1. Of the residues in segment C:192-217, how many are of a type in the set (S, T, N, Q) and surrounded by 24 or more Cβ atoms within 10 Å (Cβ to Cβ)?
2. For segment D:4-30, give me each residue that is crowded, with 21+ Cβ neighbours inside 10 Å and either charged (D, E, K, R) or farther than 21 Å from residue C:826 by Cα (or both).
3. On the given criteria, is residue C:93 within 14 Å of chain B (Cβ to nearest Cβ) and touching a helix residue (DSSP H, G or I) at 6+ places or on another chain (Cβ under 9 Å)?
4. Kindly establish whether residue A:262 is surrounded by 14 or more Cβ atoms within 10 Å (Cβ to Cβ), out of contact with any Ser or Thr (no Cβ under 9 Å at 6 or more places or on another chain) and at pLDDT 90 or above.
5. Does segment C:511-558 hold any residues that are touching a Ser or Thr at 6+ places or on another chain (Cβ under 8 Å), within 14 Å of chain B (Cβ to nearest Cβ) and assigned to a helix (DSSP H, G or I), and which are they?
6. Just to verify a result, which residue in segment B:28-53, among those that are of a type in the set (Gly, Ala, Ser) and part of a loop (DSSP other than H, G, I, E, B), is farthest from the other protein chains (Cβ to nearest Cβ)?
7. Which count do you get for residues in segment C:260-276 that are free of Cβ contacts under 8 Å to residues at least 60 places away in the same chain and surrounded by fewer than 17 Cβ atoms within 10 Å (Cβ to Cβ)?
8. Output the number of residues of segment C:137-186 satisfying the condition of being of a type in the set (Val, Ile, Thr), facing chain B (nearest Cβ under 7 Å) and either touching a Ser or Thr at 6+ places or on another chain (Cβ under 7 Å) or more than 19 Å from residue B:51 (Cα to Cα) (or both).
Amino acid sequence: MESGTLVTEIQRFAVNDGPGFRTNVFLKGCPLRCQWCHNPETIAPHREIYWKRRSCAQCGACLDACPNDAVNAPIHPFEARREESTYHKIIRDRCDLCLKCVDACQYGALEIVGTRLSVNEILDEVERDRPFYDNSGGGMTISGGEPTAHPEFVVQLIEGARSRGLHICLDTNGYCQWDILGPIVQSVDIVLYDLKHLDSVKHAEMVGVGNELVLDNLVKILGTGPEIWIRHPIVPDYSDSWGYHLSVAEFLDRLPGRIQRIDLLPFHNWCQDKYSWLGRDWPLKTTESMDPSIVELLVEAYQARGFAATTGGSGFEEFVVRGGH
Amino acid sequence: MSRRDKWKSARDAMMGPLARAKGVKNRESVPETCCGKCQMWSENAYSSEGRGTCRVLKMGSDLNSNQPTYVLEGEAGLISYFNMDASRCTYFTKMELIDTDGTECSDPHFRRALRQMKKFNE
Amino acid sequence: MGQRTAQTEKALSVDELANRREWWSVAQKTRSKRLDYLRKGVWKKGAIGGNYAPGIKIDLTLPQLFTEKWQEQEGEPIMLQKAHAIAHVLDNIPIFITDRSQIMGYIGSAPHQIVWHWQGISMVNEEIYNEEGIIPEPEEESLEILATLNDYWGGRTAVDKLARILDPEDAVKFMSGAIGWGTPTSAATYSTKDFTYIFKGFEALLAEIEERMEETEQKLQGNPSPQLLPLYDKLPRWEAMQIVLEASIRYAKRYARLARTLAEHFESDPTRKEELLRIAETCERVPAKPPRNLQESLQFDHFVQVLARYETFEGAWPHRPDYVHGPYYDKDVNQEKRLTKEEALDLVGEHLIRTYEVGIFAPKWAREGLQGITGTWVWTMGGVKPDGSDACNDMTIAYMQAARLVRVSNPTFGFRWHPKVKDEVLRECFECIRHGLGYPSMRNDPVLVANTVHWYGHPVEEARTWVHQACMSPCPTTKYGCQPMRMASATANCAKMIEYALHDGYDPVVNMQMGPKTGDPRQFKDFEEFFGAWVKQMEWLRNILVRTVNLGRVKDPEFFGRPFLSAIYERAVETGTDACDPSNGERGNAWVTGFTWVENADSLAAIKKFVYDEKKYTMDQLMEALNANWVGYEEMRLDFVKNAPKWGNDDDYVDDLMVRCLREVSRHAKENKCPSNNNWPLLPENVSGNIHYANLVGALPNGRRLGDALYDGGISPGPGLDKKGPTAVLKSCGKFDHVTDGRAFLLNQRLSPTQLSGEKGYQLWKAYMKTWADLGLDHVQFNMVDDATLRAAQKDPEKYQEVIVRVAGYSAHFVDISRKTQDNIIQRTVQGLG
Amino acid sequence: MKCTECAFEAPIGKFRYLYNARIDSSISMRQCPQCEQWLAVDELLGEAQDAVHPGEAPWGKSAGIEGLAGDSQG
């Protein structure tokens, strides 16, 4: 087994993914295909290449370096930088990810996404912000992609973090077999559990698969110990109606265990650059980011049933409820 | 010349008789060809009272005598005033863009916020 | 935002406006009518970009009055000569009372006028002559007056005198403007003031002086001995102090008379009539006698500040008003209930406005370095009492609330954070920050008290009385701790250290061999040799500034003279000396302000990595690119920017170099001494000197060109170069010791307004601040305005007159600063986004 | 280089260098000596890109950091 796994980013000063100041570890690879995905670079389980049009000087060095004829010839940079330009540097289906073009680029316009890191490398970086965790009840959030796509690694990562005394959140979509999920969740402090749609057909429509496994796992996880925070993305014309959220609230209320809180995450399109850097078209690019104040109303559907619920999931809302450490 | 004497002449150019224009007349007169309009001249960074340094000529140069002397070696640049007559200076290079706006920041080569220089832009 | 009509604006509630973060409108709606009138009526004295606002004129009455008396008294000891001249001014300068105003006193003869100090430096006098727009009409007549004044003062000013005795090489290099700024005289400086002493009242001070004089005269009648001889010089100094104190009392009484006349003969509104009579009573009472209530204490305070400015250019405003006035607020509002909270808030708000109103001409370099404001007037709030207990009081809260109502950019506040600050006070600080004031900046009190003890040996009880002497440096306010003259010119353009190390000490911008010849770096064999050259340049640069300022300091009593300041300085009154005389017992509190400091660490890291460790480039290649100002070397430049380690990313490679540089400086700081034989630590901060020096510092290995703004904070990472977020910045800054590695370290951060909204925003900020304190940082200040607003303000400045940003050490209205600075601020990375 | 406003043509050095608004981008601001218009200039290409007016960010989003910090949610 290779030591380590692919990580797209270790993001410090994360304040929306569990309590307090956190460091998010984004693992690469996800079994789902949510259309609104905000981190498209975390979906594929292998390394990828970003091409950042605004940094590209169109010098042609990548073209010369490519052994596979997978690079488009330079055009005028202003032409390429235009909003409406469809030009893309890499011909993705010819690219075998040899990364010679990345080495050749002087401008940082070509960038590798995905670095293989060991448990200790990750934890050393996470530990750098320990003073912030201590004052805020923060810690590490394992996210992705989908952490359960790397079962052995994640178990090791959690064990390592435990031994270093770090608070651990696991952000999962719950789409995996229970014999994988079960061992992982038992030693984390909080599970940030994604619920994308209650209706399996609609779930399949936007995510690619039905939600049976996800809901099944949710019930199972409730009995295992960690706090459960439900994270529900709010997508316009899909999961943004009042009636729908009443039904979700009712569903959650009837579960055989306690949900700690519900974070509603309004859709935004700030990640559209990432799609373009990967050479992908993103149909939701033109869908406007949601006004969080609309989501504020939906929060009431959950509060009416006695749930703690937030818009955007700040780690400090919960902190208030607890009254501080 | 001793180190002290050498720098003394530079200091005198900065703080000495040159620095004391008398009356309104001397302060207002700006010759058609003057240091203030030359690309080689940088207004002093410490003050906007019209003093500056030449980027070509060094201390010891003299533009005012009948036979101007040009010293090109030395540790200190020639200190002169924006309204110093430079018509006899062979290094005079007219500046193309005299910025009298004064709202932009500290470019000692181009900042010309002096009221007396303003009239040349109009 | 700008599309709405005035009517719909009116219809919006305060809550709605707050939700839109239109804080100026919130303030307009919530403040009293009086404060609204006073705030809108006040003249803006800070420059806009580089120019003064239309209508602002230089005051010629003041220098004329002064000079005519001064010439009359020619031949007297300087302090006495000056006391007569100041008294003549105070007796004759026109005074005025602004409608609805309750606090009196202005420096100058009309509210649209700004003053300067003709006795400081003749170059500034000439600069005023040359300045467009500020010469009062009729211009020809005014120019004639100015020319006459300047002809007289040319060669007679403090700096002119100093330049004659300085080593000529030092004089020329200092005055080149390339390596530092400031004026080594108390003609342009700032002083901390001990209000526990001053509030005894001027009559008590006069009595004390009288007693000293009698005692001394008796001694002079005794047996002749060398000990008697210095006493002869003391008598005229005491006499000078008496003259200005008496004139100050008369000056206040002129206001009393004017107010009474207005009340008795002109005012028809009974409420205002009553106010005018109260003003008259107040000005009769103070500063002659101790204050009895809040109005008197604020009035006394303001008179002292204004009077000090009749004597000199006080470029800063060291003060701790919550501590000074807290007891009077408590008495009036809580105990005797003489005032309602709202009435008290009117007085406190006006105190801010009257301070904002004070205008002093700043030469061009100072306007560039202090954009948009008159001076670095940072008031100190919070902190501890001398016994270490919490000093916050109701007045702390009142000042924070008043600041949000009047929203002036000057004064600003620096808050002395400590673990015992109550939540309600911390919330007030947070509200000010959240409302986009940019202040208070947060100062770590335990760290700074320890720092003050470490560097100067102040007793801890004394150190705990500290106020910001300027933007950043703590200074005690006790008999021996007070600093009468900030060493204003020990302000180093630190980027020159690395620049000179690269160029063998030569400065192409001013065409001069400045630093020592430390060798051609192309011949250096390793990084250590290069670093050695940097150390030598650093030492040289500090030395020349410190030498100049030390001399300026000891010569100040001879060249300038401070009768008023001496009269309110306990140790000067006691010893019959000029307050600025370093031999009268002061402990010393000198520091070198380090502008453009961080470029050193980033440049050294780039050189170490690319030239010496990885050998990716030769020194030849680097020098070639730098000599071409990177023009034609853009690929290489971007490599140096993006791929060399940068300070502020929690990266030990460069952070270790930063620590190493700081430790070299701190070693050197103990080797050069101030006139009180104390140390000269470094204090990295920039005000907006990073813009002033943009065209004076050549291309550097961190990737900047001649002309580019330098980094914008004392210890802040380069804008946009802190890629790992705010926690990594704090971690980097936590790697050195904020007690022993320097005097204080300015850190700017921009936080996202959406992230800090609501209760969760406060909790986030509080946890952040707690960690900031745990890491041992001494300072942090926040900007809370988003890019969109700033870009809109660039586009339509008239619609965004009131947007305030923090500009490295003080706050300014965004629309008043230059485009280059504006871009620099926008570029400062926004940390986190909700 | 050619001014985009008045078509004045001269070597790049003739255009007064003002400043680089962000250190990690190749776009700088220069001023045309003829019409005094501020220009955004790509130093890599040596070409004037556009006129600069108040309130714009001519240097673009080259580092890709603006507006991206928030998408940390999975």
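The values are calculated or read from the model by the stated rules, or taken from the named source; none is laboratory data. From a predicted model like this one, the values you see are computed outputs, not experimental measurements. Ideal geometry is used to build each Cβ from the backbone, glycine not excepted, and the neighbour counts take in all protein chains shown.
1. 1
2. Correct list: D:15, D:22, D:24, D:30.
3. For residue C:93, the condition - within 14 Å of chain B (Cβ to nearest Cβ) and touching a helix residue (DSSP H, G or I) at 6+ places or on another chain (Cβ under 9 Å) - is not met.
4. no
5. Within segment C:511-558, C:545, C:548 qualify.
6. Among residues in segment B:28-53 that are of a type in the set (Gly, Ala, Ser) and part of a loop (DSSP other than H, G, I, E, B), the one farthest from the other protein chains (Cβ to nearest Cβ) is B:29.
7. Residues in segment C:260-276 being free of Cβ contacts under 8 Å to residues at least 60 places away in the same chain and surrounded by fewer than 17 Cβ atoms within 10 Å (Cβ to Cβ): 10 in total.
8. So the first thing to find is which residues in segment C:137-186 are of a type in the set (Val, Ile, Thr), and the list is C:145, C:148, C:157, C:159, C:165, C:172, C:179, C:183, C:185.
With facing chain B (nearest Cβ under 7 Å) added as a condition, the list becomes C:172.
Going one step further and asking which of them are either touching a Ser or Thr at 6+ places or on another chain (Cβ under 7 Å) or more than 19 Å from residue B:51 (Cα to Cα) (or both), we end up with none.
Going through segment C:137-186 one residue at a time, the tally reaches 0.
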